[in-house]
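What follows is a short report on a single structure.
The values are calculated or read from the model by the stated rules, or taken from the named source; none is laboratory data. Not measured: the values here are computed from a predicted model. Neighbour counts run over all protein chains shown; Cβ positions are idealised from the backbone, glycine included.
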Amino acid sequence: MTNALTLVPAPHELDIAGHWIGGATAPGDGPTMEVVSPVDGAVVATVPRGSAADVDRAVAAARAALPAWSSTSPADRGAVLHRLAGELETRRERIARAITAEIGAPIALARAAHAGFPVAVTEAVASLAGTIAWTEEIGNSLVVREPVGVVGALTPWNFPLQQVITKIAPALLAGNTVVLKPAETAPLTAPILAEAAAAAGLPAGALNIVHGVGAVVGEAITTHAGIDMVSFTGSTAVGKRVAVAASDTVKRVALELGGKTANLVLPDADLEHAVAETLAYSWTNSGQACGAWTRLLVPADRHDEIVAALVDAAQAYTVGDPWDETTRLGPLASEAQWERVNAYIERGVAAGLDLVHGGPGRVPGLERGAFIRPTIFANVDPRSVVAQEEIFGPVLSVIPYHSEDEAVAIANGTIYGLGAAVFGERDHALAVAGRLEAGQVYVNGGRFNPLAPFGGTKQSGTGREMGVAGVEEFTELKAIQL
Ligand code: NAD
């Protein structure tokens, strides 16, 4: 039986000795950076802070590995990914502990989702090796899907390994080689991934990892002439910058950006089910999910009843030590994230929004860490700041509507188009789903599917990850006329 104390990594256990270049640890010869626990501000690990020269070395290794890796068969590459899924599974506990240490995800969530999803996604991608149309005959042409080349992958901290896997697994299946820069606040699973990939038989140089900050290593990857494509997941603001910086070398750019998911409850919905699902999708991972359901649109004449049910259900979302097996919500991932989310809650209060649960400030008894109260605002004006901007924390806005057309207009009325949700009688909900501007719509709490394409419309991004589309994104088409 484990307890919180036996789970916490020992001092220096998670330190990262170097980058991962050409199948070996490449000691960082420059400065280092620290990963800090959001529970108490303690230093969790020291990590090399890479430079443009480190990126040069990683790109050279990736280019050297490209001819051999891209000429293996999709079936062989799928077999490597299948083994990688197994190697990640055997390292599940280490992965979970690293993620709890770096971003404060509750350990049970870290095991199930943060460490579990990457296994499922890697396996799902591996299974596509035989189903993608790598070569197609169209009239007198052979249309061939080839790898794009060397892919630069830039990822955020909120699901540290999952965001990495949704890029590198399809990129590798398609025959590309990769240079990855993990998020600087959550880099601790990257060495475990490198170890798992080597154990799975991925050739040296097919996956390279350079640690560091976005402004240095991220920019170097984005602008590097030896990188053919950049796949970025992160904020809309940085994504725009990446797209501009990549244009000088005419790289392919894939962007997975922010969101402001509207969850539209129709009058014919099962309200009890809708309320329970809403809080789970809004607050899991402390609301630090691009697809978090942050706006709940309800019929005006049911508003008060639904808010009362939400407040009642919210009592179960207690905040506590993420190393405790029973904790539902840990801290936010960093002090900077706490400042940001708290400022939004304060703005909501200052704007006179109806605060019905939670609120600003530190959580009593947990003042030393980045703990925040999950918060609900009721009767929210859809044009208000908290209902328009991505907060990336456990803050739910309940917005009343008077007609279905108005509800659809509110749902579509942000710059984002990543996710949406609808609750209602099935055919009715499907019809409304068709009117929503979003890359994915969850009807009556439909479950995440690793074989379905994932991505955004509008300022939530371009391109798709996962499923067949997620692999095709990493391919270039060549038409050979016969
Ligand atoms: P971020 O944009 O600050 O950083 C993302 C990555 O980009 C990090 O690795 C960072 O170091 C790097 N970066 C920063 N500046 C850069 C630059 N100038 N050039 C190149 N790279 C640079 O995002 P974050 O705070 O780490 O993550 C939160 C954001 O990510 C939220 O907006 C969230 O919605 C988004 N997100 C989107 C998805 C999706 O699939 N659409 C998934 C998860 C998170």
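Go through region 401-427 and give me each residue that's under 15 Å from Gly446 (Cα atoms) and surrounded by fewer than 17 Cβ atoms within 10 Å (Cβ to Cβ). Residues satisfying the conditions are Glu425, Arg426, Asp427. Among the conditions (1) β-branched (Val, Ile, Thr); (2) under 16 Å from Thr284 (Cβ atoms); (3) surrounded by 13 or more Cβ atoms within 10 Å (Cβ to Cβ), the only one that Val307 does not satisfy is (2). Among the residues of region 126-139, those that are assigned to a loop (DSSP other than H, G, I, E, B) and touching a Lys or Arg at 6+ places or on another chain (Cβ under 8 Å) comprise Ala129, Ile132, Ala133, Trp134.
Take the residues in region 371-385 that are outside any loop (DSSP other than H, G, I, E, B) and of a type in the set (Val, Ile, Thr); name whichever of them is surrounded by the fewest Cβ atoms within 10 Å (Cβ to Cβ).
Residues of region 371-385 that are outside any loop (DSSP other than H, G, I, E, B), as a first pass: 375-378, 385.
Now narrow it down to the ones that are of a type in the set (Val, Ile, Thr): 375-376, 385.
On the way: Thr375: 28, Ile376: 24, Val385: 14.
Looking at the filtered set, the residue picked out is Val385.
Consider Gly361 against the criteria (1) in contact (Cβ under 8 Å) with a residue 24 or more places away in the chain; (2) outside any strand (DSSP E or B): it satisfies all of them except one. Which criterion is unmet? Of (1) in contact (Cβ under 8 Å) with a residue 24 or more places away in the chain; (2) outside any strand (DSSP E or B), only one is false for Gly361: (1).
Can you tell me which residues in region 195-217 are away from the ligand (no atom under 16 Å from the Cβ), over 11 Å from Val178 (Cβ atoms) and assigned to a helix (DSSP H, G or I)? Full working, then the answer.
Here is the first cut: in region 195-217, the residues away from the ligand (no atom under 16 Å from the Cβ) are 195-207.
Going one step further and asking which of them are over 11 Å from Val178 (Cβ atoms), we end up with 195-196, 198-201, 203-204.
Correct list: Glu195, Ala196, Ala198, Ala199.
Matching residues to (1) surrounded by 15 or more Cβ atoms within 10 Å (Cβ to Cβ); (2) within 16 Å of the ligand (Cβ to nearest atom):
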| residue | (1), (2) |
| --- | --- |
| Ala269 | yes, no |
| Asp312 | no, no |
| Val319 | yes, no |
| Pro331 | yes, yes |
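Go through region 338-370 and count every residue that is farther than 22 Å from Val385 by Cβ and touching a Lys or Arg at 6+ places or on another chain (Cβ under 7 Å).
Narrowing region 338-370 to residues farther than 22 Å from Val385 by Cβ: 362-369.
Cutting the leftovers down to touching a Lys or Arg at 6+ places or on another chain (Cβ under 7 Å) gives us 363.
Matching residues across region 338-370 total 1.
Regarding Thr327, is this residue under 25 Å from Ile415 (Cα atoms) and either modelled with pLDDT of 95 or more or surrounded by 23 or more Cβ atoms within 10 Å (Cβ to Cβ) (or both)? For Thr327, the condition - under 25 Å from Ile415 (Cα atoms) and either modelled with pLDDT of 95 or more or surrounded by 23 or more Cβ atoms within 10 Å (Cβ to Cβ) (or both) - is not met. Contact map, region 208-224: residues that are not assigned by TED's automatic domain parsing to the domain that holds Ala26 and modelled with pLDDT under 95 paired with residues that are near the ligand (Cβ under 9 Å from one of its atoms) and of a type in the set (S, T, N, Q), Cβ distance under 9 Å, separation 6+ or inter-chain. No pairs are found.
Criterion first (out of contact with any helix residue (DSSP H, G or I) (no Cβ under 9 Å at 6 or more places or on another chain), within 23 Å of Ile16 (Cα to Cα), in contact (Cβ under 8 Å) with a residue 40 or more places away in the chain and not assigned by TED's automatic domain parsing to the domain that holds Glu335) does Ala105 satisfy it? It would help to see each step written out before you state the result.
Numbers: out of contact with any helix residue (DSSP H, G or I) (no Cβ under 9 Å at 6 or more places or on another chain): no; within 23 Å of Ile16 (Cα to Cα): yes; in contact (Cβ under 8 Å) with a residue 40 or more places away in the chain: yes; not assigned by TED's automatic domain parsing to the domain that holds Glu335: yes.
No, not satisfied.
Checking Ile132, Ile138, Ile192, Ile165 one by one, the residue that is in the same structural domain as Ala60 (by TED's automatic domain parsing) and within 13 Å of the ligand (Cβ to nearest atom) is Ile165 and no other. Scanning region 437-482 for residues being among the basic types (Lys, Arg) and crowded, with 20+ Cβ neighbours inside 10 Å gives a total of 1.
Within region 218-250, take every residue that is out of contact with any Lys or Arg (no Cβ under 7 Å at 6 or more places or on another chain), of a type in the set (A, V, I, L, M) and not in a loop (DSSP other than H, G, I, E, B) and give me the one that is nearest to the ligand (Cβ to nearest atom). Even if it seems obvious, please write down each step before you answer.
Initial filter on region 218-250 (out of contact with any Lys or Arg (no Cβ under 7 Å at 6 or more places or on another chain)): 219-220, 222-225, 232-250.
Checking which are of a type in the set (A, V, I, L, M) leaves us with 220, 225, 237-238, 242-246, 250.
Retained after the next criterion (residues that are not in a loop (DSSP other than H, G, I, E, B)): 220, 237-238, 242-246.
Values: Ala220: 9, Ala237: 7, Val238: 3, Val242: 5, Ala243: 10, Val244: 10, Ala245: 6, Ala246: 9 Å.
The selected residue is Val238.
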